[in-house]
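Working notes for the structure below.
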Amino acid sequence: MQLVFLFVFLTSLFTTIAGFPTVEPSSLLSQSKQQARVSAKKKAQARSRVVRRRPVVRRQAIGRKPVSRRAKAAPKRTVVRKSRTSPRLPLGSGRAMVRNEPLLGSRYARVAVLDKQLSGAVFYLASGHGGPDPGAIGRFGVHRLPEDEYAYDVTVRLARTLLQHGATVYMIVQDRNDGIRDGAVLPIDYDEVAYPKQAIPRNQTARLRQTTNAVNQLFARNKGRYQRFITIHVDSRSKGETIDVFFYHHPASAAGQRLARHIHRGFLANYRRHRPSRPYLGRVSSRGSLFVIRNSQAPTVFIELGNIQNKMDQRRFLLAQNRQALATWLCQGMVADHKRQ
């Protein structure tokens, strides 16, 4: 018996080494058939389990697509936890309401409304000059610094900041191509228009009348609401004269004077905080002779940002972060005035 098993073993070993298929004994063959039957049975069971996991489809009317129970199941609700450090958001939505304002430029067009501090308030914003009249021209090396471009950039930045606090804002002078710009030298162009889409005249009196007419029409439309008119300019004086930001109002307008003082107090506080070594010399004055102040029905504040001819004042305009600081400080004073109306 031992010789028989030895003979079978040597025969299988020889045929395997020689490269031929081995011939299994009958017992091994029957065992392999049994294993094959078991594996086939397992595959059949697996297929049956897969079939049972398919969603049950209900019978519906002819021509309608079958809808599974799983498809009809309501989606899982996700719970969004608010961060303790996140600002208060409107409408209890769990996220900030976002507005799209193309006039602000592609980079800054999406505006998140962070709070409702200025809800119900209406502001009319007009930068000086524009269209065929660039206003005063300063010099920075070989570059020209046009008043209307820098006044417009601060104004459109102010508009965005006001929108973040829920205000309604009308840009009386508009430039669809510019928006908010972060460059130092802002090139001159002549494509600004007046609200809503009017060509700006070259004549100064006609241009100022166009501005006040637009503001007065909107003022009548928004009767009963908190309304204020801000017009922003850059002054032009001798190169050696350094000036601070000045604010003018109508002598008979208590609301205009109050707004100007609130903004002025904000500038005083910010200068003490950020530039304690330099005194702030800007003032609030009445100036009834200015056309837009005299002819606007809305309480008006006329703002001069500085002397575009002076090298020190030019830093206030050339750096984008400084133009944003001007807009932010203006907005702070306007928020303060709205709270204390």
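Observations, loosely collected:
- Test: Arg207 is surrounded by fewer than 14 Cβ atoms within 10 Å (Cβ to Cβ), charged (D, E, K, R) and touching a residue at least 40 places away in the same chain (Cβ under 8 Å): no
- Checking each residue in region 123-134 for being within 20 Å of the chain's Cα centre (by Cα) and more than 18 Å from Glu304 (Cβ to Cβ) picks out only Phe123.
- Note on region 186-213: residues that are farther than 23 Å from Arg323 by Cα and not in a loop (DSSP other than H, G, I, E, B) total 12.
- Those residues of region 281-297 which are modelled with pLDDT of 95 or more and over 15 Å from Tyr248 (Cβ atoms), in sequence order: Gln297
- Identity of the residue in region 104-128, under 13 Å from Thr155 (Cβ atoms) and hydroxyl-bearing (Ser, Thr, Tyr), that ends up surrounded by the fewest Cβ atoms within 10 Å (Cβ to Cβ): Tyr124
- Looking across region 161-194, the residues that are closer than 21 Å to Pro146 by Cβ, buried (at least 17 other Cβ atoms within 10 Å of the Cβ) and either among the charged types (D, E, K, R) or touching a strand residue (DSSP E or B) at 6+ places or on another chain (Cβ under 8 Å) (or both) come down to Met171, Ile172, Val173, Gln174, Asp175, Asp178, Arg181, Leu186, Glu192, Ala194.
- Taking the listed residues Val169, Val156, the one that is modelled with pLDDT of 95 or more and in contact with a Gly (Cβ under 9 Å, 6 or more places away or on another chain) is Val156, with no other qualifying.
- Residue list for region 195-204, filter: buried (at least 16 other Cβ atoms within 10 Å of the Cβ) and out of contact with any Gly (no Cβ under 9 Å at 6 or more places or on another chain): Tyr195
- Test: residue in region 93-103 that is within 20 Å of Ile232 (Cα to Cα), buried (at least 19 other Cβ atoms within 10 Å of the Cβ) and of a type in the set (A, V, I, L, M): no
- Flag for Asp178 being under 15 Å from Gly105 (Cα atoms) and not hydrophobic (A, V, I, L, M, F, W, C): yes
- A single entry from Gly183, Gly138, Gly179 fulfils the requirement of being in contact with a Ser or Thr (Cβ under 8 Å, 6 or more places away or on another chain), assigned to a loop (DSSP other than H, G, I, E, B) and not aliphatic (A, V, I, L, M): Gly179.
- From the list Ala126, Ala151, the one residue that fits, being modelled with pLDDT of 95 or more, small (Gly, Ala, Ser), over 19 Å from Leu319 (Cβ atoms) and not in a loop (DSSP other than H, G, I, E, B), is Ala126.
- Enumeration of residues in region 214-233 that are surrounded by fewer than 16 Cβ atoms within 10 Å (Cβ to Cβ) and part of a helix (DSSP H, G or I): Gln217, Ala220, Arg221
- Residues in region 154-176 that are more than 15 Å from the chain's Cα centre (by Cα) and either part of a helix (DSSP H, G or I) or farther than 22 Å from Val215 by Cα (or both): Val154, Thr155.
The values are calculated or read from the model by the stated rules, or taken from the named source; none is laboratory data. Remember, predicted model here, so these are calculated numbers, not experimental data. Cβ coordinates were reconstructed from backbone atoms using ideal geometry, including for glycine residues, and neighbour counts include every protein chain displayed.
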